[in-house]
Structures are given as C-alpha cells and as structure tokens.
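The values are calculated or read from the model by the stated rules, or taken from the named source; none is laboratory data. This structure is a prediction, so every number in the text was calculated from the model and none was measured. Because the Cβ atoms are built from the backbone with ideal geometry, glycine has one as well, and the counts that use them run over all protein chains shown. Protein only, heavy atoms only, side chains kept; ligands, DNA and RNA dropped before computing areas. Shrake-Rupley method; radii C 1.70, N 1.55, O 1.52, S 1.80 Å.
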Amino acid sequence: MTTEKIHFTKEKETMLMTLSGRAIQSQWEHPILRDPWAEEAMRHIDYDMSKTLKGVSSWGMWKKIGPTIIATRAATFDLLTTCYLADHPDATVLHVGCGMDSRVFRVDPPASVQWFDVDYPDVIDLRRQLFPERDGDAYHLIGAPLEDLRWLDEVPRDRPGLLIAEGVLHYLSELEVKALLNAVVAHFPSGQLIFDICNPFIVKRAGSNVGGTGATYKWGLDDPQDIKRLEPKLELIKEFRPSELVAFSRFPLWLRALFRAMEVNPTLRRMERMVVYRY
C-alpha cells in the first residue's frame with residue numbers, strides 16, 4: 001500500500017482532523033482510546049494537520065488539547081454503542097458520516113449485529129483501501145450522500161436500530177436533519193440515536209470555517225427537547241455535560257476548570273455536547 005495524496009475539502013477534510021487526533025493519542029504511553037487502525041491509516045495518508053490549522057498558536061493549541069478532546073468524545077460514543085448492543089444483540093447499527101472512524105473495529109460487535117458504515121462514495125473507497133475487511137456478512141459499506149435517503153433501502157427494517165452520528169449533523173441543514181430523523185424513526189420498530197450537537201450561537205459565531213477547512217456548520221439545537229419539533233417520537237434519555245464524558249479527568253486542569261465553570265451557564269454548557277434519544 002502506498003501513501004495516498006488526500007484532496008478532500010470542507011466537511012470531508014474534517015474527518016482527517018479527527019483521524020489524525022485519534023492516531024496521535026493512540027500512540028501515547030497511556031492513551032484514552034487505543035486505535036491502532038487510525039495509526040495504520042495515517043501511515044498511508046499524506047496529510048499535514050499543521051497546514052490546515054494555520055498559525056503557530058492554532059497548531060500549538062491543537063497539539064496540546066485536540067487529540068485529548070477527540071479521543072474522549074470517540075471513547076464516549078464507543079461506550080454508549082457497546083452498552084446499547086449489549087442490550088440489543090440483534091440490532092442494526094447505522095454509523096452515518098462514518099468518515100475514517102474505525103469504530104466498528106474498536107467496538108467489535110457480535111456477528112448477530114448488522115453494521116452499516118455510510119458516507120460519500122469517495123470516502124467509502126478510501127476506507128476500503130485503508131481498513132481491513134471484517135469476516136462474515138454482517139458488516140456493510142454504503143457510499144452515498146447522507147441526504148440522499150435512498151441508501152436506507154439497503155438496510156433491513158425488522159430489527160432495533162441504533163443511529164450513530166459523531167461530528168456529522170452540524171453540517172446538515174435543519175430540513176436535512178429532519179428528513180434523516182423522520183426516515184430513521186419510520187424505518188425501525190424501535191431504537192436509539194447518539195449524536196453530538198452545538199447550540200445556534202456556535203453555528204452563527206464559530207461555524208463558518210471549521211478547523212480552517214472551509215466547512216460550515218448549518219444546524220444547531222439549544223434545548224435538546226426542541227428535537228420534537230423535527231421528530232415528535234424522540235424521547236431524550238441523556239444530555240451529557242463535558243464533565244460526564246469518558247476520561248474527562250485526563251483533560252488539563254485548566255481545561256477541566258473552564259468546562260466546569262461553563263456548566264453553570266446553560267448557554268455555555270450547551271455550546272457543544274452529546275445527546276442520546278430513543279423512540
């Protein structure tokens with residue numbers, strides 16, 4: 001396998017930022033999230049993170065806290081996924097906007113689980129090149145734009161469904177988010193959704209050039225109960241505060257103090273967080 005020149009832009013490029021972050025921290029002596037698949041993938045990708053985060057201060061800050069935050073978020077998604085599959089070993093998993101996330105390998109679901117990784121066709125092509133195949137017929141790759149919901153036709157309807165969307169829904173419009181939620185809830189007899197969201201303040205103020213990639217945030221949510229405006233059948237299970245995430249104790253002391261101070265204010269607490277719904 002040769003090193004690949006990567007020319008993804010905007011939303012697609014952000015997946016290389018998170019891949020790089022997971023690979024960096026996975027090589028620490030005591031990683032938050034062991035991810036040898038990310039490490040191996042980055043060995044074959046010619047992508048310089050420092051050129052994306054232009055400026056010495058931006059790059060220096062990212063190196064200090066970026067991998068920690070990325071790994072903490074991913075580890076929390078992994079834990080929630082594992083817990084759901086322990087209770088629903090016959091579930092179907094929709095990992096939408098999967099990018100170059102090796103979650104299916106880290107979680108290693110039993111053969112009884114049907115797992116679908118969904119992303120743009122060129123992203124799925126890159127996954128096929130860089131990630132190993134999984135034995136059996138329970139793992140599926142679908143190359144399609146997320147908003148083109150015809151990809152759901154390939155997914156069985158007769159099982160509980162788990163939707164995982166890490167760092168994805170921000171980039172969809174509200175109409176696209178609504179269409180996705182409506183389609184998923186209608187597709188399965190029951191299920192759960194795990195995703196992260198930011199509030200409208202972040203969408204307006206900080207979401208126009210994410211990580212220097214040119215990607216734009218389009219959708220945010222303040223009160224998580226407002227999701228019912230988009231899909232009335234969704235019931236909030238949990239809204240995670242930063243201090244409730246896996247390995248929060250590994251954050252630098254100053255960052256922990258900052259997040260705890262922010263948690264006192266509802267607007268600041270909800271700048272960006274994870275939520276879990278069921279239907």
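Kindly provide the chymotrypsin sites (Phe, Trp or Tyr not before Pro) of the stretch 80-167 that DSSP labels as loop, not H, G, I, E or B, and whose Cβ sees at most 14 other Cβ atoms within 10 Å. Walk me through the numbers before you get to the answer.
Numbers: sites: Y84, F105, W115, F116, Y139, W151; in loops: none.
The qualifying sites: there are none.
Let me know the charge dipole size of the stretch 155-279 about its Cα centre in debye, to the nearest 20, where only the beta-carbon of Lys, Arg (+1) and Asp, Glu (-1) is charged.
180 debye
At 0.36 nm per residue, minus the direct Cα-Cα distance, what do S190 and A111 gain on full extension? Give it in nm, one decimal, please.
Once the chain is fully extended between S190 and A111, it gains 26.4 nm.
Report, to the nearest whole %, how much of the accessible area of the chain belongs to carbon and sulfur atoms, 1.4 Å probe, protein only.
Numbers: 6810 of 13000 Å².
Carbon-and-sulfur percentage of accessible area, whole number: 52.
Based solely on its DSSP helices, what 222 nm [θ] is calculated for the chain when runs of n ≥ 4 H residues each add -39,500 (n - 2.57) and the sum is averaged over all residues, nearest 500 deg cm²/dmol? If you can, show how the numbers build up before the last one.
Values: 10 runs with 109 residues, N = 279.
After summing the helix terms and dividing by the residues of the chain, the value is -12000 deg cm²/dmol.
Which entries in the list K204/K238; K178/K204; K178/K233 go over 22 Å, if you measure between the two C-alpha atoms of each?
On the way: K204/K238 25 Å; K178/K204 20 Å; K178/K233 12 Å.
In this structure, K204/K238 exceed 22 Å between Cα atoms.
Using r as the Cβ-Cβ distance of D90 and L268, and R0 as 51 Å, what FRET efficiency do you calculate, to the nearest 0.05?
Numbers: r = 41 Å, r/R0 = 0.80.
Given R0 = 51 Å and the Cβ-Cβ separation, E is 0.80.
At 1.4 Å probe size, with every protein chain present, just tell me what the per residue accessible area of the chain comes to in Å². Let's see the in-between values first.
Numbers: 13000 Å² over 279 residues.
For the chain, the per-residue accessible area is 47 Å².
Per-residue counts of other Cβ atoms within 10 Å, averaged by peptide: what ranking do you get for 91-102, 121-132, 180-191, 70-81, highest first? Write out the running numbers ahead of the final one.
Numbers: 91-102: 25.0, 121-132: 15.5, 180-191: 17.7, 70-81: 22.4.
Most protected by this proxy first, the peptides run 91-102, 70-81, 180-191, 121-132.
Test of understanding: given the chain, find the longest segment containing no GluC sites (Glu not before Pro) that are in a DSSP loop and have at most 11 other Cβ atoms within 10 Å.
Numbers: sites that count: E29, E133.
By the stated rule (loop sites, at most 11 other Cβ atoms within 10 Å), 134-279.
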